[in-house]
Each structure stands twice: as C-alpha cells, then as structure tokens.
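Notes follow the structure.
Bear in mind these aren't lab numbers, they're just calculated from the coordinates by the rules spelled out. Treat the numbers as computed from the prediction; the structure is a model and nothing was measured. Quick reminder, even Gly has a Cβ in these numbers, built from the backbone with ideal geometry, and neighbours come from all protein chains shown.
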Amino acid sequence: MQILVVEDEKRLAEGLAHILKEQKYMVDIAYDGRDGLDLAISGIYDIIILDIMLPKMNGYEVAAFLRKEKVATPILMLTAKDQISDKVKGLDAGADDYMTKPFSPEELLARVRALTRRQGEVVIDEVEFHDIKLNLSTCDLSCNGKSVHLNFKEFEIMKILMQNPLIVTTKEELIVKVWGYDSNAVDNNVEVYISFLRKKLDFISSKIEIASLRKIGYRLEVKTNA
Ligand code: CA
C-alpha cells in the first residue's frame, strides 16, 4: 500500500509519514503542490493525503487536475481551515474525504483505512487464478489444499501478477510498486523474489508458472506440459 503525502509543513509531513510507516504503509512526501502533482499523476499511489495551502499549486488545483486527467486515487484533504465552504470546495475539486488539523493519529489511520476499503467497493480478501488462490489477509498462497506462506515482497509481487494475468508486468513496474520510487532496488532483487515464488509454486504443486518474457518482465501461465 503506497501513500503520497503532499504537505509543506516539514515537521507535519514527516510526522504523518512516521505514523503511516509504523503501520507498514510505504510513504512518499512532496513539499509543494507541483511536486505532489508530478508524483500523483503516475497513478501508483493507493491514497493521496493532500494539504490545501501549498506553495506553487494549492490542494484544490492539484485535486482538480488529477481528476481531469482521470487519476482516480482517493484523496484525503488536510487543512487548518474548518469552514463549511472550504470542505465543499475540496469535495467539489475531487477530494474523497476531509480532515481538519490538528488531528489524532487514530483518526488519520481510521480515515486511511476507510478510503482503501472504499476504493474497491467490495472487500476482496482472496485473488484467484486457475488452480492458485492468494489470501490477502494471511498472505498464504494455496493450490488444491496445499498452502505456503509468502513474505511481504513475495506477496506483493504475486498479487500484482495475479491481478494482471494476461499482460506482461515489467521489472520496472514491480520495482516501483513493490519497492517504491526512491528505492535502490534493481532488476536483480526482482529476479531473486521471482525465483523464491517459483519454488513456492512448485511446493504447492500448482500448474501455474511465472514465465519470463523476452527479458522485459513476467506473466503467469499454465504449464504446457502439465
Ligand atoms: Ca500548508
């Protein structure tokens, strides 16, 4: 789960990042509206926490631009203002929820959880592809009653491959989505985790394999000799 925090008050931005990282969210920070927009437009974030009063571009403008560009990432607006007209303006610009400063960490986390739930409309706790099932709460991968636990990175990679079964997922996409933008992860890291996942697929006797395609990426396929 990746969250973008756009907030120019450095201490608040870092405080938010700290609270979120403790809950295992991956966090990027932008300190002005334009940098925030540049990152948000990628569409890789699950939630954007967006301040209103920002240098270069304000939160309303950032939200409106993202919605115009069809980026549907849920936006939680953050502001010191608490007047009704500001809330309406934020929601009109495309924000999904609104939180007034100061707020407690509990309130922040509750709103973040609510927004991630809302995104998919129904809560899906399992992804399925041919004979394999991935449990999104326990991180267990199973096939016909045999199951194996995936560690965090293996789980994130497998989830992406299972949710995009017909297309090739590139190594770069996996690095950005699993390790984050500013990580030092390289192709080699991805290859190591793919090899772990292949061993685990063998262990649960699945007919699914992770095919490497022309060195650009990976796709789940049904083994032809199975
Ligand atoms: Ca501000």
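Below are the figures for this structure:
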read-out: MRE, 222 nm, helices only [DSSP H, n ≥ 4, -39500 (n - 2.57), over the chain, to nearest 500]; value: -12000 deg cm²/dmol
read-out: Radius 14 Å from Cβ of Ser205, net charge of other residues (Lys, Arg +1; Asp, Glu -1); value: +4
read-out: Principal semi-axes in Å for the chain [√(5λ), Cα gyration tensor, largest first]; value: 37, 18, 15
read-out: Ascending count of other beta-carbon atoms within 10 Å, so fewest first, for Val112, Val6, Val176; value: Val176, Val112, Val6
read-out: Relative contact order, percent, the chain [alpha-carbon distance under 8 Å, six or more residues apart]; value: 13
read-out: Cα-based shape type of region 97-192, given that a ≥ b ≥ c are square roots of the gyration tensor eigenvalues and the cut on a/c is 1.5; value: oblate
read-out: Longest DSSP-loop-exposure-free segment, GluC sites (Glu not before Pro), the chain, at most 16 other Cβ within 10 Å; value: 122-226
read-out: Cα convex hull volume per residue for region 2-118 (Å³); value: 89
read-out: Efficiency of FRET from Cβ geometry, Lys199 and Lys68, R₀ 35 Å, rounded to 0.05; value: 0.15
read-out: Pairwise FRET efficiency - Lys223 versus Ile41, Cβ, R0 = 35 Å, nearest 0.05; value: 0.35
read-out: Gaussian network model of the chain, springs between alpha carbon atoms under 10 Å - residue of Leu78, Leu213, Leu39 with greatest fluctuation; value: Leu213
read-out: Förster radius 25 Å - calculated FRET efficiency between Asn151 and Leu12, Cβ distance, rounded to 0.05; value: 0.15
read-out: Percent of C-alpha pairs per 10 Å bin, region 12-63, short to long; value: 25, 55, 20, 0
read-out: Pairs of lysines in region 18-152 (C-alpha under 15 Å apart; 8 or more residues apart or interchain); value: 4
read-out: Cβ charges +1 (Lys, Arg) and -1 (Asp, Glu), total dipole of region 2-118, debye; value: 280
read-out: Antiparallel content of DSSP bridges confined to the chain, in %, to 5; value: 55
read-out: Exposure proxy ranking, count of Cβ atoms within 10 Å, fewest first, for Leu76, Leu12; value: Leu12, Leu76
read-out: Amide hydrogen neighbours beyond the local backbone of Ala30, cut-off 5 Å, H modeled; value: Val5, Val6, Glu7
read-out: Cβ-based charge dipole, the chain, positive-most Cα from Val178, Phe155, Leu16; value: Phe155
